[in-house]
Amino acid sequence: MPILTELSKPTDWIEPDDVARPIVTYGFVTEDFDGIELGFHSHAKGQIILVQRGALSCEVEGGLWIVPPRSAVWIPGGALHAIKATATGALEGYNGFVDPAVGQSLPKTCCALSVTPLLRELLTRAANLPLLYREGGANSRLISVLLDELAIAEIEDLHLPMPNDHRLRRIIDLMMNAPADRATLAVWAKRAGLSERTLARLIHQETGMSFGRWRQQLCVMLAVKWLAGGASIQQVAADLGYESMPSFVTMFRKALGTSPGRYMVERHSGRL
């Protein structure tokens, strides 16, 4: 089983695009680290990253995705992307690389995927195959079922559209660094030297969302990241500037369909 750890040597890594198999799967595990960050890069093969423990963020041009436990992110082949661990501590999961020739039914754009127990088990089994596994028979059937499960995986709303306009990026950097700042649209517009109307128009034009909807999605993304890192619900609510924990829980439930506590319990109960 190809396993990459914080102790792995560079020679342990074989570029998946160079492996003549339709799917190449690596396991990864670190028990104690200060952070992992991979700058923008791309692969000819599409990539699925499944997180078992810890959390990752993935930025692709125009968007940011958070990947908590029991979720995955799909990155189409050729897409420039950057990966960053969002918390220190244990990180465990799988990387699967899919040849475009066999992944035609998979999403054409980057997206977060909900991982079923079957999909998780299939990725685990695939990672136990040698890189140059013998094709045909049981191995090919395993890969075929894995592709079918990837194609029908449910898309999760863990995506934050990111604008390209430098004025908006400056505002967003400030908001990410101080998420408890609940300033109004008018205040943020003044800080950016824009009119309220111009800021509202720009953010809708660049993200497809209103200012309020975008900020709420930012709160959801940060909440998922912090909860995956072990923060309490009360602490997350305070760090996001909510006056009470119930108001934060209500927002979270409306966005993701369940309470933050239940959301994380379901993910941690899915560990292998």
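The values are calculated or read from the model by the stated rules, or taken from the named source; none is laboratory data. No experiment lies behind these values; they were computed from the predicted model shown. Counting neighbours? That spans all protein chains shown, and the Cβs are built from the backbone with ideal geometry, glycine included.
Beta carbons closer than 7 Å, at least 6 apart along the sequence or on distinct chains, pair a first residue in region 147-167 that is farther than 15 Å from ILE75 by Cα with a second that is assigned to a loop (DSSP other than H, G, I, E, B) and among the hydrophobic types (A, V, I, L, M, F, W, C) for PRO161/MET209; ARG167/LEU194. Return a yes/no flag: does region 154-161 have any residue that is on the phi > 0 side of the Ramachandran plot and either part of a loop (DSSP other than H, G, I, E, B) or not hydrophobic (A, V, I, L, M, F, W, C) (or both). Within region 154-161 (the criterion being on the phi > 0 side of the Ramachandran plot and either part of a loop (DSSP other than H, G, I, E, B) or not hydrophobic (A, V, I, L, M, F, W, C) (or both)), the answer is no, since none of the residues qualifies.
Check region 92-102 and report whether any residue there is among the small types (Gly, Ala, Ser), in a loop (DSSP other than H, G, I, E, B), out of contact with any helix residue (DSSP H, G or I) (no Cβ under 9 Å at 6 or more places or on another chain) and surrounded by fewer than 21 Cβ atoms within 10 Å (Cβ to Cβ). Scanning region 92-102 turns up at least one residue that is among the small types (Gly, Ala, Ser), in a loop (DSSP other than H, G, I, E, B), out of contact with any helix residue (DSSP H, G or I) (no Cβ under 9 Å at 6 or more places or on another chain) and surrounded by fewer than 21 Cβ atoms within 10 Å (Cβ to Cβ). Only one of (1) farther than 26 Å from ARG134 by Cα; (2) modelled with pLDDT of 85 or more fails for ARG21. Which number is that? Here ARG21 clears every test but (1). Looking across region 191-200, just one residue is among the charged types (D, E, K, R) and farther than 27 Å from PHE248 by Cα, and that is ARG197. Per the listing ALA85, ALA112, the residue uniquely within 20 Å of ALA55 (Cα to Cα) and modelled with pLDDT under 85 is ALA85. Only helices (runs of 4 or more DSSP H) whose full extent lies in region 182-272 are considered here, and the ones with at least 1 residues that are at pLDDT 90 or above and under 22 Å from the mean Cα position of the chain (by Cα) are 196-207, 211-228, 233-239, 245-256, 260-268.
Residues of region 103-132 that are under 10 Å from LEU146 (Cα atoms) and either touching a Ser or Thr at 6+ places or on another chain (Cβ under 7 Å) or crowded, with 18+ Cβ neighbours inside 10 Å (or both): LEU119, ARG120, LEU122, LEU123, ALA126.
Yes/no matrix, rows are residues, columns are (1) out of contact with any Lys or Arg (no Cβ under 9 Å at 6 or more places or on another chain); (2) at pLDDT 90 or above; (3) surrounded by 20 or more Cβ atoms within 10 Å (Cβ to Cβ):
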{"site": "TRP13", "(1), (2), (3)": "yes, no, no"}
{"site": "GLY35", "(1), (2), (3)": "no, no, no"}
{"site": "GLY39", "(1), (2), (3)": "yes, no, no"}
{"site": "LYS45", "(1), (2), (3)": "yes, yes, yes"}
{"site": "ILE66", "(1), (2), (3)": "no, no, yes"}
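A single member of ALA82, ALA126 is small (Gly, Ala, Ser), outside the structural domain of MET264 (by TED's automatic domain parsing) and in a strand (DSSP E or B), and it is ALA82.
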